[in-house]
1. Which three lengths, in whole Å and largest first, does segment 24-77 cover when its Cα atoms are put on their principal axes?
2. Tally Lys and Arg at +1 and Asp and Glu at -1 over the other residues with C-beta under 14 Å from the C-beta of Lys43: what net charge comes out?
3. Taking θ = phi - 60°, what integer Hz values does the Karplus form 6.51 cos²θ - 1.76 cosθ + 1.60 yield along segment 18-32, in sequence order, with x for Gly and Pro?
4. Tell me, what ³J(HN,Hα) does each residue in segment 50-55 have, in order and in whole Hz, if you take phi through Karplus 6.51 cos²θ - 1.76 cosθ + 1.60 with θ = phi - 60° and put x for Gly and Pro?
5. What's the magnitude of the charge dipole for segment 24-77 around its Cα centre, counting Lys and Arg as +1 and Asp and Glu as -1 at the beta-carbon? Answer in Debye, nearest 20.
6. How high is the FRET efficiency between Glu50 and Glu15 when r is their beta carbon distance and R₀ equals 30 Å, given to the nearest 0.05?
Amino acid sequence: MSKEQDLFLNDDRGERPSPLADRMRPRTLDEVVGQDHLIGPGKVLRKIAEAGELPSLIFWGPPGSGKTTLARILATVA
């Protein structure tokens with residue numbers, strides 16, 4: 001394989017770089033910006049999640065507001 005062809009292959013790790021949004025996405029409740037009245041230290045959702053008693057929840061809001069990210073974080077905490 002020539003060097004020119006190598007330019008178009010994935011990097012040495014065999015992985016494609018992830019999109020910036022994925023790299024910057026919060027991974028813990030402490031990294032989430034906003035909603036402190038719900039997920040701040042000692043607040044309702046944080047207490048429930050840390051107790052492992054997460055009930056069914058419905059998050060509502062415009063696209064890109066962090067609903068799925070918050071749901072994924074809560075699922076890993078609980």
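Each value in this text was obtained by applying a stated rule to the coordinates, not by laboratory testing. All of these numbers come straight from a predicted model, not from anything done at the bench. Ideal geometry is used to build each Cβ from the backbone, glycine not excepted, and the neighbour counts take in all protein chains shown.
1. Largest to smallest, the principal-axis extents are 28, 22, 20 Å.
2. -1
3. 7, x, 4, 4, 5, 6, 8, 4, x, 10, 9, 4, 5, 7, 6
4. Going residue by residue, I get 5, 7, x, 10, 6, x Hz, with x marking Gly and Pro.
5. Charge dipole of segment 24-77: 120 debye, to the nearest 20.
6. 0.35
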